[in-house]
Amino acid sequence: MAKGEETRQFIIEKAAPIFNTKGIAATSMSDIMEATKLSKGSMYVHFENKEVLACAAVDHNVKVLTAKLQAALSKPKTSKEQLFAYIDFFSNPLESPLIGGCPILNFGTEADDTNPVVKKKVNNAIHTAQQLLSGIAEKGIVNGEFKTDLKPADFATVMFAMLEGGHLMSRMSGNNDKMEVIVKTLKNLIDQNSI
């Protein structure tokens, strides 16, 4: 990696948790300069403006979250175990895998009416997550783990929405009691559709 690319990556890695915690609008280039100890001139050599850096930070946060999730899903052997591992991975929003919480939720709520580029990135991440869940459910049906009347795409939508909603409720209330209900409900739903 060239020196310029290393510096660019360093800035993204330092900026990503700040954007995820404070939001795009509330994060200033001064915040990033303080975290990186780089000058304004050095920052603007690598990023045209804050919006360009914010988009790179969104991509980085989603990439890190995805890598951590994939690591958690690589251990279970069955589709049912993978779905349980997915649920467990997101089961404690107060100790989120990323600083600041779920980037999909954070950036999605901020960008839905204000930033079409970030909105598209978040929508792609949601679609990818639903495809992953749907694929796991489909594999479970093929392998004889789940009932054939389970609708993988519908199940993936419900599971994703419940976990994201639980994440929001937990972060707002400062406790995981609602997420515990959601985790139990989702696992019961998976058990009810298991053979």
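Each reported figure results from applying straightforward, stated rules to the coordinates on display, with no laboratory input. Computed from a predicted structure; not experimentally measured. Because the Cβ atoms are built from the backbone with ideal geometry, glycine has one as well, and the counts that use them run over all protein chains shown.
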Assuming D154 fulfils every condition listed in (1) without any contact (Cβ under 8 Å) to a residue 24 or more places away in the chain; (2) surrounded by fewer than 19 Cβ atoms within 10 Å (Cβ to Cβ); (3) within 23 Å of V62 (Cβ to Cβ) apart from one, which condition is it?
-> (3)
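Here's the yes/no breakdown for (1) in a helix (DSSP H, G or I); (2) touching a strand residue (DSSP E or B) at 6+ places or on another chain (Cβ under 8 Å); (3) not hydroxyl-bearing (S, T, Y):
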{"site": "P97", "(1), (2), (3)": "no, no, yes"}
{"site": "L105", "(1), (2), (3)": "yes, no, yes"}
{"site": "A129", "(1), (2), (3)": "yes, no, yes"}
{"site": "S134", "(1), (2), (3)": "yes, no, no"}
Residue by residue through the stretch 20-56, note down the ones that are under 22 Å from D112 (Cα atoms) and among the small types (G, A, S).
-> G23, A25, A26, S28, A54, A56
Please work out if T27 is among the β-branched types (V, I, T) and either buried (at least 17 other Cβ atoms within 10 Å of the Cβ) or farther than 30 Å from S194 by Cβ (or both).
-> yes
Scanning the stretch 1-39 for residues that are under 16 Å from C55 (Cβ atoms), part of a helix (DSSP H, G or I) and small (G, A, S), the one farthest from the chain's Cα centre (by Cα) turns out to be A15
Within the stretch 186-195, work out how many residues are more than 19 Å from the chain's Cα centre (by Cα) and closer than 27 Å to I99 by Cα.
-> 1
Sole miss for V158 among (1) touching a Gly at 6+ places or on another chain (Cβ under 9 Å); (2) assigned to a helix (DSSP H, G or I); (3) not basic (K, R) is condition (1)
